[in-house]
C-alpha cells in the first residue's frame, strides 16, 4: 500500500515534471492530482529535491528496461538494435504528447543552479552512453562500422544530437526532428 | 538614461535567465543585482513574461549580429562561414562559463506550460535556420555540398544537434561536445 502510494506519486510526478519542469511543479498540485495527503508525501520523500532525484531514478529504470529490450535482441544486427531503442523512445514521446525528454528538461533547467541535479543528469546520460557504446563496439566487430570508429565518442554524439532533436520535438510538437536526426546519424556513421 | 536602465536590466537579466532559468529567477534578485527600483522595472516591462520575451529579443539581436558578421564574410567559402558562426558562439559560451544557449534553456523549461514562449523560441530557431539555410544554398551552388542536398533540412539538423551539444556542454562544463558535434556534422555533410 505504502509502496503503491510511492509509485503513484513518482508516476504522476514524472509526467508533471516533464510538462512543468521542476520549479513550476507545485507539490500541492501533485498531492491534489494523486489524492495523497501531505504527510504521506513526506513519508516517502525527504524534500522536493529528493522527490525530483527519485523521479529521475524511476525514469531511468524505464530507460534501462528499454535498453535491455532493444540492445539485448540478438536477432537484430547491433546498429539496428541501437536505432530500435531510439524509435521506441520516439513512440514513448508520442504517447506523452511530444514533450521531449525528462533528462534534457531537468538538465537544462537545473544544472545552472544545482550541482546535485547537474551531476545526476550527467551520470544518467553517461550510463545510457556506456550501454549504447557497448552495442556500437559490437557493430565495429561485426563490420557494420569502420574499424577506426570511436564507439564512446559516437555514442555520446548520438545521445547529444538526440537530446537536441527532442527539444525541437517539444517546441514543434511533432516527431520529424527525431527521425531526421536518426536518418542523418546512421547514414553518416555507416555510409 | 531610461534606455540605459532598460539595457542594463536586459543584459543582467539575460545572464541571470541563462543560469537560473525563468521560474527560478526572482525579479527582486534582478532589481538588487542592477540596483534598480521596482517602479523602474515596471516602467520598462509590463510583467515578468514581457521581460522574458524582451530578453529573448535582446539575445536574438546578438545572434543576428553574429550571423551578419560570419555569414556576410564573403572572403570565406560558405561552409566555413557557417562553421565560423558556431565557433564564435562557442567562444561566447566560454566567456559565460559554459552555461549553454538561452533559447534551448527557456525552450525546454517553458514550452510545456506557455504557448507564448513555445512559439517565441520556435520562431527564433526558425529565423536562425533561414539564415544558415541561405548560406548552405550558396554552398550547394558553389559545389561545396552535393547538388541534391536539402539546405532547409540540413540547417535545421545543424541547429538541433548544436542545441543538444550545448545542453551537454552545460552539464559537463566543457566545450568538447560542441566541437565533436561540429566535426561530425561537417565531415558528414561534405565528405
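The values are calculated or read from the model by the stated rules, or taken from the named source; none is laboratory data. On a predicted model such as this, the values are computed, not experimentally measured, just so you know. No Cβ is skipped: glycine too gets one built from the backbone with ideal geometry, and neighbour counts run over all protein chains shown.
Here are the numbers for the structure shown:
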quantity: Within the stretch A:160-175, considering residues that are farther than 25 Å from residue A:133 by Cα and surrounded by fewer than 24 Cβ atoms within 10 Å (Cβ to Cβ), the one nearest to the other protein chains (Cβ to nearest Cβ); calculated: A:172
quantity: Residue count for the stretch A:178-188, restricted to those that are facing chain B (nearest Cβ under 7 Å) and either surrounded by fewer than 24 Cβ atoms within 10 Å (Cβ to Cβ) or over 17 Å from the mean Cα position of the chain (by Cα) (or both); calculated: 3
quantity: Filtered residues of the stretch A:21-60 (kept if in contact (Cβ under 8 Å) with a residue 12 or more places away in the chain and surrounded by fewer than 14 Cβ atoms within 10 Å (Cβ to Cβ)); calculated: A:29, A:43
quantity: Candidates A:82, A:63 - the one that is touching a helix residue (DSSP H, G or I) at 6+ places or on another chain (Cβ under 6 Å) and surrounded by 19 or more Cβ atoms within 10 Å (Cβ to Cβ); calculated: A:82
quantity: Helices (runs of 4 or more DSSP H) lying entirely in the stretch B:70-151 (those with 1 or more residues that are out of contact with any strand residue (DSSP E or B) (no Cβ under 7 Å at 6 or more places or on another chain) and more than 30 Å from residue A:23 (Cβ to Cβ)); calculated: B:78-95, B:115-141
quantity: Residue among A:191, A:151 that alone is within 12 Å of chain B (Cβ to nearest Cβ), farther than 30 Å from residue B:110 by Cβ and over 14 Å from the mean Cα position of the chain (by Cα); calculated: A:191
quantity: Long-range neighbours under 9 Å by Cβ, at least six apart or interchain, first residue on the phi > 0 side of the Ramachandran plot within the stretch A:169-191, second surrounded by fewer than 17 Cβ atoms within 10 Å (Cβ to Cβ) and outside any helix (DSSP H, G or I); calculated: A:173/A:97
quantity: Tally of residues being surrounded by 16 or more Cβ atoms within 10 Å (Cβ to Cβ) and more than 13 Å from every other protein chain (Cβ to nearest Cβ) across the stretch A:103-133; calculated: 3
quantity: Where residue B:16 falls short, out of the listed (1) buried (at least 18 other Cβ atoms within 10 Å of the Cβ); (2) touching a residue at least 40 places away in the same chain (Cβ under 8 Å); (3) within 15 Å of residue B:109 (Cβ to Cβ); calculated: (2)
quantity: Selected residue (only one of B:71, B:67, B:136, B:110 is farther than 19 Å from residue A:162 by Cα, over 17 Å from the mean Cα position of the chain (by Cα) and in contact (Cβ under 8 Å) with a residue 24 or more places away in the chain); calculated: B:136
quantity: Failed item, numbered, when residue B:23 is tested on (1) in a loop (DSSP other than H, G, I, E, B); (2) at pLDDT below 95; calculated: (2)
